[in-house]
Structures are given as C-alpha cells and as structure tokens.
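Note sheet for the following structure.
Coordinate-derived values only; no laboratory data. Predicted, not measured: the structure shown is a model, and the values here were computed from it. No Cβ is skipped: glycine too gets one built from the backbone with ideal geometry, and neighbour counts run over all protein chains shown.
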Amino acid sequence: MPNTEVTTRTVRAEDGTTCEVRVHRRLDDPSAPVLVCMPAMGTRAAYYTPLAEALSAAGFQVVVGELRGQGTSSVRPGRGVDYGYHEMVAYDCPALFALAATEFPASRRHLLGHSLGGQLGMLHLSREPKSADGAILVGAPSCHYRGWPPPRGLGMLVGLQLASAAAALYGRFPGRRLGVLGDDSAGVVRDLAFQSRTGSYQVPSTDVDFEALLTKLDLPVLAVTVEGDQMAPRACVQNLCDKLPSASVTHFDLPLDATHRNPHYAWVRENAPLVERIRRFITA
C-alpha cells in the first residue's frame, strides 16, 4: 500500500442529514487527482473499499460517498420517511463535493459515479458544473425502457411501475427481501419509475429543468459499459450520454470475466482494467 492515510469524515447536508465518508489521502502527493465515488442504488459505500484501495495505489485520492438511506446515512427508508432524487441532488451531492473541495483544495476533482450514483452525480454537475473537472460514469444508464431491446424493455417498464406502486403501499421498497436493487425509499423508486416511463430527468419533486441543464454541461466524460451488464447495456449508457451534447464523451467497453453472476457490480472488485483506463483518461 502506498503512503496513504484513510480517515472518516462526517458530511452534513443542508437539511441536517448526515453520513460518514471515507477519505483516502495520498501523503506523498497532496495535489494528486481526486475521485468522488457515488454508489449505485441500494449499495453501501463500504462495498467500494477494494476499488478505493486500487485507485489509491494507482496514484489517486478518493472520497467514497454514501447515498441517502444506505450504510452510515442517518436516514432509514420507511413509512413516513420519504426522499427521492431531489433530496440527494439538492442536499447530499453539494455537501459531498464541498467536502472534497475542502479536503483537497489543490487537486482536480472528478466524479466517479456507478449506476444511479452516476446519474445523480451528473444531475448535480448540471447545476454546479464547477464542482468537478470531469466525470467517469460506470454502468450509468438512462433508465428509459426503450434503451433495452424488446421484450426486456417492456419488462423493465412494467417491473419498475409495479415496484413504485408496491413501495408506495408498503412505505418503502424492500429490495433486499426481493433480491433486487436493495432497500430504498418509495420516492427513489417513484423517480426511477418516472424516468423509465418518460426518459426524462424532469424530477417530479422539483421544478429544476435538468434536461436543459444537462445539454449545457461542458466536461470531459468517460462513459463505461461493463461487458455482460444487462442492467446498463451500451444503448442505455448511450442514451444518458445523448443528453450531454456539450460534453466531450469517450466510451470504453470494460471487459469482465463472463462467469460473474452480476457484472453490474462485479467490476468493483475486478477493477484493474478500469483503474488503468481512468488513469489514462485523467492524465490525458
């Protein structure tokens, strides 16, 4: 392990929500580039520890964020505790990126967003483009059902609408019990279902015109499609990139051992090819 210090910081959002984030600091190079990692839906930040360690060994500094309602978050989804994309983009993302700027004032910062974390991160950057110097999106699709070939696309559409309805009745989405996506609030699943149905990031709980803001976002973006990832196939990743006409987008197809049961998550541990590609993207 390189000359690295790993510390824990408490992030407090504007609405009082808190979470603990792990900061991987290069003691030998305090100006090394920083990757702000945002997890996938229903996935705890601790899951990304092997990735953070590999990135640190490759010369990066890392801040591993926590999505609201997961891991160390002070919020727990349940009846009467509702939140969605709006709360995470308006409160949680600004607090996380502000921490990264405070901890590493001399470093360039890049979003490293996985799946929903990539989508939310881009919505944040569309509002605050100076928060980062670029973005790496891994398995981060637009969830519009037309991105999947039929009949899978129709199945995704119907499944997410049913999930949203069930979450509204149950008070939360019991993903761990169902073995899909992890536990989350009814609001997150509602927003996911809306985007699946319409293809739009016009989040129902806010009047911010994200679609218009995304078109103006002028940043270098590395869009990564994981081989065999049925949750974020190339067409769905492309659909998100199509919302970024002002960005400089580079696509990368990440090879992965085909024996993995779920490539959407397996790359976090089998990360060497991606770490090298990130290194080349940022140094370029």
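Rounded to the nearest Å, what's the spacing between the alpha carbon centres of the stretch 228-248 and the stretch 196-221? Just the number, please.
If we compute the Cα centre of each part, the gap is 14 Å.
Which peptide among 118-128, 173-183 comes first, and what is the full order, when sorted by highest mean count of other Cβ atoms within 10 Å? Don't skip to the end; give the middle numbers.
Working: 118-128: 24.4, 173-183: 15.9.
My ranking of the peptides, most packed first, is 118-128, 173-183.
Given the -39500 (n - 2.57) contribution per DSSP H run of 4+ residues, what per-residue ellipticity at 222 nm results for the chain, rounded to the nearest 500 deg cm²/dmol? Could you put the intermediate results ahead of the total?
Working: 10 runs with 98 residues, N = 284.
So the helix-based figure for the chain works out to -10000 deg cm²/dmol.
If we count other beta carbons within 10 Å of each Cβ, what is the order of 154, 27, 111, fewest first?
Numbers: 154 12, 27 9, 111 30.
Taking fewest neighbouring Cβ atoms as first place, the list is 27, 154, 111.
Where both partners of a DSSP beta bridge lie in the chain, what percent of those bridges are antiparallel, to the nearest 5?
Working: 14 of 39 bridges.
Taking every DSSP beta bridge with both residues in the chain, the antiparallel ones total about 35 percent.
Quick one: dipole size for the chain, taken about the Cα centre, charges +1 on Lys/Arg Cβ and -1 on Asp/Glu Cβ, in debye to the nearest 20.
Around 420 debye, computed over the chain.
Is the shape of the stretch 189-284 best called rounded, prolate or oblate, per the rule: a/c under 1.5 gives rounded, else a/b larger than b/c gives prolate, else oblate, with a ≥ b ≥ c the square roots of the Cα gyration tensor eigenvalues?
Details: a/c = 2.66, a/b = 1.39, b/c = 1.92.
In terms of gyration-tensor shape, oblate.
What is the sum of charges around residue 209, taking Lys and Arg as +1, Asp and Glu as -1, for the other residues whose C-beta is under 13 Å from the C-beta of residue 209?
Numbers: positive: 127, 216, 243; negative: 207, 211.
Spelling it out: positives minus negatives among the neighbours equals +1.
What is the calculated FRET efficiency for residue 31 to residue 262, with r their C-beta to C-beta distance and R₀ = 45 Å, to the nearest 0.05?
Values: r = 37 Å, r/R0 = 0.82.
Given R0 = 45 Å and the Cβ-Cβ separation, E is 0.75.
Quick one: if you stick a label point 7 Å off each Cα along the C-beta vector at residue 234 and residue 212, how many nm between them?
For residue 234 paired with residue 212, the spin-label model returns 3.5 nm.
On a full-extension model of 0.36 nm per residue, what is the gain between residue 101 and residue 198, subtracting their alpha-carbon distance, rounded to one decimal in nm?
Extra length available between residue 101 and residue 198 comes to 31.4 nm.
Check which residues have an amide H placed less than 5 Å from residue 83's amide H, if you skip close sequence neighbours.
Excluding prolines and chain starts, which carry no amide H, the hits are 186, 187, 188.
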